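The values are calculated or read from the model by the stated rules, or taken from the named source; none is laboratory data. Because the structure is predicted, anything quoted here is derived from the model rather than measured. Here the Cβ is made from the backbone with ideal geometry for all residues, glycine too, and neighbour counts use every protein chain on show. The accessibility values were calculated without ligands, DNA or RNA, using every heavy atom of the protein model including side chains. Shrake-Rupley method; radii C 1.70, N 1.55, O 1.52, S 1.80 Å.
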Amino acid sequence: METKKVLLTGGLGYIGSHIVVSLSDPSSAIIADDCSNCDLKQIDRLKQVIPFEKNQVIVCDVADLEAFEEIFKKHKIETIIHLAGYKAVGESVKQPLAYYTNNLNATLNVLKMCNKYDVKHLIFSSSATVYGPQSSPMDESMTLLKTTNPYAETKAISERMIEDYCLVHPEFSATSLRYFNPVGAHPSGFIGEIPSGIPNNLLPYVQQVASGKRPYLNVFGKDYETKDGTAIRDYIHVMDLADAHVCILNNPKQGYRVYNVGTGVGTSVLDLVKAFEKATGVKIPTEVTHRRAGDLQESVANASKINKELGWKSRYSIEDICKDAWNFEKHQSN
Ligand code: UDP
């Protein structure tokens, strides 16, 4: 009989790739990805890090039920790690219907396949943005407020869809992981985040300033009520985040669970710039500009629930993150 497979939707992307290389048996992974935000060269990058076969990747749109179902006809899927979805906050404000259509249909199709093909476990890639504008540290007992953009709303609605499914399938095991700010790269330098066009996120932008692709970093606001006036985030190394998924895979539990995945440490924009300069020896010129619309002053996890219940804890420091991000950037530029 075929070994039981782990299906990663959107698995060729930044986070999915790091999860695949962290699995104890990467040959059990099947990736479904429509390559809308990555390309098939990612397979070669994965092969540099782990034994991996091209036929483990199925190019398919998860929101297209007929195409997606083919995977379940061919493979016995025991677990789904559902990462597929559009993820640009600013774009989601401009194209709400595209975000609701794509992201919610993808989650719906995942649940339909869980039901039809008796999938046992689901791990959902959620986001700290589901908390909406609440004060930090944010913990899982907080009631979710209306979020500030359609991207975040699709994550919050997907969580509710999964929770409702669990209510009528008590034998099913589902976990939503609320990611804080995933950054950094695999220490090998072969895989990491490859932004398309101008990076929206802070560290990828800093990386490109360091490599000379951009002249300086725009600091979005220095008038926040924080120690240096810049906004605070909880940056988590993508390898720590990947490890949290492996921890859930190793500890399945019937019913629905939610965990924050963060470090619990707040880092300001200027702290991150300083850490990057210290870790790499490269100077990052900055210019202060106005706040970015919709940004929170502070977003930091209370990460004690996953630590207490499952023993997971972040291991990488902000300096490690910067070092690995820079190592990856240099690999890319070569
Ligand atoms: N930021 C910045 N310059 C940039 C990109 C981001 O000052 O070019 C700031 C942004 O305003 C926020 C922090 O860096 O306070 C983290 O932004 P990112 O987009 O990485 O994450 P998010 O805001 O989604 O948590």
Here the net charge surrounding Met138, from other residues whose Cβ is less than 10 Å away from its Cβ (Lys, Arg +1; Asp, Glu -1), is -3
Would you mind pulling out the separation of the Cα centroids of region 133-164 and region 216-233, in Å? 24
At a 1.4 Å probe, what is the % contribution of carbon and sulfur to the accessible area of the chain? 51
Using the heavy atoms of the protein chains alone and a 1.4 angstrom probe, what is the accessible area of region 274-334 per residue in square angstrom? 60
Evaluate E = 1/(1 + (r/R0)^6) for Ser141 and Asn55, where r is the Cβ-Cβ distance and R0 equals 56 Å; express this FRET efficiency to the nearest 0.05. 0.80
Per the Kirkwood formula on distinct C-alpha pairs, the Rh of region 1-111 is how many angstrom? 14.4
Using Cα pairs under 8 angstrom and six or more residues apart, how large is the relative contact order of region 102-212, in percent? 28
Roughly how many debye, to the nearest 20, is the charge dipole of the chain about its Cα centre, given +1 on each Lys and Arg Cβ, -1 on each Asp and Glu Cβ, and no other charges? 340
Solvent exposure of region 71-134 as accessible area per residue, Å², 1.4 Å probe: 42
Percent of beta bridges antiparallel (DSSP, the chain, rounded to nearest 5): 5
By average C-beta atoms within 10 angstrom, highest first, the peptides 175-186, 282-293: 175-186, 282-293
Selection from Ile30, Asn102, Asn218 lying farthest towards where the dipole of the chain points positive, charges on Cβ: Asn218
What is the distance, in nm, between label points placed 7 Å from the Cα along the Cα-to-Cβ direction at Lys253 and at Leu97? 4.2
Straight-line reach only, C-alpha to C-alpha below 18 angstrom: list the aspartates and glutamates that Lys116 could link to, leaving out same-chain residues fewer than 8 apart. Asp64, Glu66, Glu69, Glu70, Glu78, Glu163, Asp164, Glu171
If the viscosity is 1.002 mPa s and the temperature 20 °C, what Stokes-Einstein diffusion coefficient in µm²/s follows for region 232-271 when Rh is the Kirkwood radius over Cα pairs? 181
Return the calculated 222 nm mean residue ellipticity for the chain, to the nearest 500 deg cm²/dmol, obtained by summing -39500 (n - 2.57) across DSSP H runs with n ≥ 4 and dividing by the residue count. -11500 deg cm²/dmol
Overall Cα dimensions of region 190-326, principal axis frame, Å, largest first: 50, 37, 27
Helix 238-250 sits at what angle to the longest principal axis of the chain, using alpha carbons and giving 0 to 90 degrees rounded to 10? 30
Estimated distance in nm for a label pair at Glu69 and Lys47, the labels positioned 7 Å out from Cα along Cα-to-Cβ: 3.4
For region 65-224, the spread of Cα positions along each principal axis, largest first, Å: 52, 37, 31
With the 8 Å Cα cutoff and a minimum separation of six or more residues, the chain has a relative contact order in percent of 19
Against the 2.2 N^0.38 Å rule of thumb, the C-alpha Rg of the chain sits at a ratio of 0.96
For region 1-63, using Cα atoms only, the Rg and Dmax in Å read 10.8, 34
Could you derive backbone 3J(HN,Hα) for region 67-79 from the dihedral phi with the Karplus parameters 6.51, -1.76 and 1.60 (θ = phi - 60°), listing whole Hz in sequence and x where the residue is Gly or Pro? 5, 5, 5, 3, 4, 6, 6, 8, 10, 8, 8, 8, 9
Rounded to whole Å and ordered largest first, report the semi-axes of the equivalent ellipsoid of region 161-239 derived from its Cα gyration tensor (root of 5λ). 34, 20, 11
Would you kindly calculate the translational diffusion coefficient of region 79-160, applying Stokes-Einstein with the Kirkwood radius from alpha carbon pairs, for 10 °C and a viscosity of 1.306 mPa s, and quote it in µm² s⁻¹ without decimals? 118
Could you sort 124-132, 140-148 so that the peptide with the highest average Cβ count within 10 Å comes first and the rest follow in order? 124-132, 140-148
